[in-house]
Amino acid sequence: MDRRNFVKNSLATAGGALFADRILAAQAPVPSRQAVPGAISPSEMDAARFPDKFLWGMASASYQVEGAWNEDGKGESIWDRFAHTVGKVKGGSTGDVACDQYHRYKEDIAILKRLNQKSYRFSASWARIQPSGTGPVNQKGIDHYSRLADALLEAGIRPFCTIYHWDLPQGLEDRGGWPNRDLASYYADFAGILAKHLGDRITVWAPFNMPWTFTYYGYGIGVFPPCKADFNQFLKAAHTVNLAQGEAFRAIKAASSHVTVGSAYGMAPAYPKTGSEADRAATARYHAMNNVYFLNTAIYGEYPKAFVGETPYEAMGFQPGDDKIMKVPLDWIGFHYYTRRIVSDATASTQPGTSGHFGTETEGEGGSAARDPLTRMHVEMPTEGPLTEAGLEIWPQGIHDLVL
């Protein structure tokens, strides 16, 4: 069954949360695995209700749904290059057509309306707006997203734009990719272009979707494009993204001052495997690295304590004044919650694990090896609760703990 027919015949749910007033502290106390403070009772769950103004919505990414990979002036992205490389994708599947939303967006919006959705978060393809990542604007790309926004508003659905959902123009990867700090300013230009042309109708913007995932998986361990496995490259890429987050926030606000700007982070509640101080410290490092590494920099202008030892500023490419660039007053915070993690200390090991990966949800450690040389933690995905078809544990309490 193809994706379009699957959506037509299914009621899909997507989890997300927006919080504006409370910021998760990077070194907040970590609840134990056995006893979680504030657990929700069955009677409290039965009485729970969503607020009247709560918006149910769905989300997609440009490479997942648009197709039209080389039409109307669009340039090549790193996911185009990845999928077209023999041996990278099982079965040779590509996003060349995908759901063909580029041509059939009105049908997709009709599906959203039938499902009574009130918000649609989509991402803009950078290579569709600036084919090589810099330079002149491709007006046909702008026109597509303009038509999409108009059609959503006509259907009574809020358009919600993610500016970057992992599909970097290949031309920018050829110039060093995200480890090249020049991309922060290139990206801010791209964000400003979108806000200038679409900010009158799109009022909610997310500069990035799950930045830890595309930087770590793309540059740290190499299972996502551009398939580079170098922890120092990950550190540089993550720092550039933190700079870009701040620069983009200001560029969007300058182009359209009435909009709101936040980012959608990948987060998972982490629990220590034992009550030992070492495992609790490793869990705090997990929280700092995986949950708030890109949030702490925006709120406080500094990196959380994610490493064993000192923060590796030199390896990151950190320069004087970067703290001021990274710090911005986000209007909202979004996060993706899939499942929880169990964390233990791995300071005796400096070698990353080598086992396989699933999507964005498995770190891929093998045995007791440390996930990487500087955080030195071992991360497990428990299976005590029921499992999804993808093998992810269903653990509702986790989103409650994560919010707190």
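The values are calculated or read from the model by the stated rules, or taken from the named source; none is laboratory data. A quick note: this is a predicted structure, and the numbers were derived from the prediction, not measured. Here Cβ is always computed from backbone atoms with ideal geometry, including for glycine, and neighbour counts include all displayed protein chains.
The set of residues in region 171-180 being surrounded by fewer than 23 Cβ atoms within 10 Å (Cβ to Cβ) and either assigned to a helix (DSSP H, G or I) or modelled with pLDDT under 95 (or both) consists of Gly171, Glu173.
Checked against (1) part of a helix (DSSP H, G or I); (2) within 22 Å of Val261 (Cβ to Cβ); (3) of a type in the set (D, E, K, R), Asp143 passes all but a single condition, namely (2).
Does Phe307 count as in contact with a Lys or Arg (Cβ under 8 Å, 6 or more places away or on another chain), among the aromatic types (Phe, Trp, Tyr), under 19 Å from Phe234 (Cα atoms) and assigned by TED's automatic domain parsing to the domain that holds Trp395? Yes: the conditions hold for Phe307. Set side by side, the residues Asp345, Asp323 differ, and just one is among the charged types (D, E, K, R) and in contact with a His (Cβ under 8 Å, 6 or more places away or on another chain), which is Asp345. No other residue among Asp167, Asp150 is under 18 Å from Ser60 (Cα atoms), of a type outside the set (A, V, I, L, M, F, W, C), in contact (Cβ under 8 Å) with a residue 40 or more places away in the chain and assigned to a loop (DSSP other than H, G, I, E, B) apart from Asp167.
Please verify whether region 39-61 includes one or more residues that are under 30 Å from Ala281 (Cα atoms), exposed (fewer than 12 other Cβ atoms within 10 Å of the Cβ) and touching a residue at least 40 places away in the same chain (Cβ under 8 Å). Yes - at least one qualifying residue is present in region 39-61. Criterion first (in a loop (DSSP other than H, G, I, E, B) and at pLDDT 50 or above) does Gly367 satisfy it? Yes; evaluated as a whole, the condition is true for this residue.
Applying the condition of being in contact (Cβ under 8 Å) with a residue 60 or more places away in the chain and in contact with a strand residue (DSSP E or B) (Cβ under 9 Å, 6 or more places away or on another chain) to region 67-86 and asking which residue is farthest from Lys228 (Cα to Cα) yields Gly75. If the condition is being under 22 Å from Gly133 (Cβ atoms) and surrounded by fewer than 22 Cβ atoms within 10 Å (Cβ to Cβ), then region 191-209 contributes Gly192, Ile193, Lys196, His197, Gly199.
Among the residues of region 55-105, those identified as assigned to a loop (DSSP other than H, G, I, E, B) and either hydrophobic (A, V, I, L, M, F, W, C) or not assigned by TED's automatic domain parsing to the domain that holds Asn138 (or both) are Leu55, Trp56, Ala61, Ala68, Trp69, Val86, Val89, Val97, Ala98, Cys99. For the structure I just gave you, tell me whether Gly73 is on the phi > 0 side of the Ramachandran plot and in contact with a Phe, Trp or Tyr (Cβ under 6 Å, 6 or more places away or on another chain). Criteria not met by Gly73. Return yes when Ile109 is modelled with pLDDT of 95 or more, part of a helix (DSSP H, G or I), in contact with an Asp or Glu (Cβ under 9 Å, 6 or more places away or on another chain) and among the hydrophobic types (A, V, I, L, M, F, W, C) and no when it is not. Against the criterion (modelled with pLDDT of 95 or more, part of a helix (DSSP H, G or I), in contact with an Asp or Glu (Cβ under 9 Å, 6 or more places away or on another chain) and among the hydrophobic types (A, V, I, L, M, F, W, C)), Ile109 qualifies. Here region 324-342 is the region considered, the condition is being assigned to a strand (DSSP E or B) and of a type in the set (A, V, I, L, M, F, W, C), and the residue that is surrounded by the fewest Cβ atoms within 10 Å (Cβ to Cβ) is Trp332. Out of Gly133, Gly156, report the one residue that is on the phi > 0 side of the Ramachandran plot, touching a residue at least 40 places away in the same chain (Cβ under 8 Å) and buried (at least 19 other Cβ atoms within 10 Å of the Cβ). Checking each option against the conditions leaves just Gly133. Mind checking which residues of region 112-140 are aliphatic (A, V, I, L, M), under 23 Å from the mean Cα position of the chain (by Cα) and not in a helix (DSSP H, G or I)? Selection gives Ala124 alone.
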